[in-house]
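Laboratory data are not the source of any read-out in this text; all were calculated from the coordinates shown. Everything numeric here is computed off the predicted structure, so don't read it as measured data. As a convention, Cβ positions derive from the backbone with ideal geometry for all residues, glycine included, and neighbour counts pool all protein chains shown.
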Amino acid sequence: MFNLAYIGVFSLLGYVGFRLFRLFIEGGQFRKATRCDGKVIVITGANTGIGKETAKELLLRGGKVYIACRSLEKANQARLELAAETGSSNVHVRELDLSSLESVRKFAAGFLAEETRLDILINNAGVMACPKGLTKDGFEQQLGVNHLGHFLLTNLLLDRLKASSPSRIVNLSSLAHQYGSINKRDLNSEKSYNQVTAYCQSKLANVLFTRELAKRLEGTGVTTYAVHPGTVNTELPRHMGTFFFLFEHNFVKPFLRVAFKTPRSGAQTTLYTALDEELANQSGKYYADCRETVPSKAARDDETASWLWDISEKMTGLAGKSS
């Protein structure tokens, strides 16, 4: 009986310890019941993972959500699942391939012809640690998809965001930005390429873009936020070859579920920055676990942020267009 009592106590302590560990891993949660009824929302790459969970929550809160994805087949499957889970018919699918500037322009033109307002733009889509590859316009893939595609998309939609103010732009970055630097001599990785270095550079570009965008939008009623969602159990590392397939092993998967955030928890800081009324007068800052966080020194370099904006305008064909 004595041993059984000890076993019971240790089992209880183990369970409590596990629950506390999971609460720590899942991080900050956006618990406010803020609604977004009637608001028009665009989310890139929302057919899976964090983006899909973000779309689900915004639909439940009354939003009209556009899922902008490269694969219409996967996006339409996500649309059916989201409609069934939320009971909302306000989820719409549109094709958007961020690795093609032509596709970005086509999506923006179609959306602007279709919708008279845009309240929230969530630049969620991304690729991670890809083998060397180029977009359809000749950009290094991670720079092209994670930064340049969203840079062009945001600028093409800015007038509609301004007309719908107060409105918001949320850019998903990563803690990896802390290990990145903007290589002004070889931004497009033409002289040398490292898949991890290129990823960190693209995530730093997301934070610098947010910072510079906030300056240019001051006084317009449009605010912008950079977000680190956390280490989340998603398909994002799928390009990492053997390392990713190790994650896919049946022996490893249970450990990932314990050690990584769920996509639902990964979406919380996105929801916080997209909806929380207390952030209405904040712009250009960086957030993690539903609170403002200080980004790296490189991410606070205004000179580099301005340089990146100018070169991004030239690379995307926006040079000379005032925001």
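Suppose each label sits 7 Å from its Cα in the direction of the beta carbon; what would the residue 277-residue 95 distance come out to in nanometres?
A separation of 4.2 nm, rounded to one decimal place.
What is the packing order of peptides 170-176, 211-217, taking the mean over residues of other C-beta atoms within 10 Å and listing the highest first?
Highest-to-lowest ranking by the protection proxy: 170-176, 211-217.
For the residues 79, 291, 168, 185, what sequence is obtained by ranking on other C-beta atoms within 10 Å, fewest first? Please report the intermediate quantities before stating the final value.
On the way: 79 21, 291 10, 168 24, 185 5.
So the residues, fewest neighbours to most, are 185, 291, 79, 168.
At a Förster radius of 25 Å, what calculated FRET efficiency corresponds to the Cβ-Cβ distance of residue 185 and residue 302, to the nearest 0.05? Mind dumping the intermediate values first?
Working: r = 20 Å, r/R0 = 0.80.
For residue 185 and residue 302, the calculated efficiency is 0.80.
Which of the lysines could a cross-linker span from residue 52 if the Cα-Cα distance has to be under 16 Å and same-chain partners fewer than 8 positions apart are dropped?
Partners within reach: 64, 74, 261.
What is the spin-label model distance, in nm, from residue 216 to residue 162 if the labels are put 7 Å beyond Cα along the C-beta direction?
Here the answer is 1.1 nm between the modelled labels.
Residue by residue through region 135-147, what is 3J(HN,Hα) from phi via Karplus (6.51 cos²θ - 1.76 cosθ + 1.60, θ = phi - 60°)? Round to whole Hz and write x for glycine and proline.
With coefficients 6.51, -1.76 and 1.60, one gets 6, 5, 9, x, 8, 3, 4, 6, 5, x, 7, 6, 10 Hz.
Among 41, 122, what is the fewest-to-most ranking by other Cβ atoms within 10 Å?
On the way: 41 26, 122 30.
Going from least to most buried by this count: 41, 122.
Take the Cβ-Cβ distance between residue 310 and residue 117 as r, set R0 to 30 Å, and report the resulting FRET efficiency rounded to the nearest 0.05. Each step should come with its number before you reach the end.
Numbers: r = 30 Å, r/R0 = 0.99.
Efficiency at R0 = 30 Å is approximately 0.50.
Using the number of other C-beta atoms within 10 angstrom as an exposure proxy, rank 116, 86, 270 with the fewest first. Intermediate values should be presented prior to the final figure.
Values: 116 10, 86 18, 270 28.
Going from sparsest to densest Cβ surroundings: 116, 86, 270.
Expected output is a single nm value to one decimal: the length gained when fully extending between residue 102 and residue 132, i.e. 0.36 nm times separation in residues minus the C-alpha distance. What is it? Walk me through the numbers before you get to the answer.
Values: separation 30, 0.36 × 30 = 10.80 nm, distance 2.17 nm.
Roughly 8.6 nm would be gained on extension.
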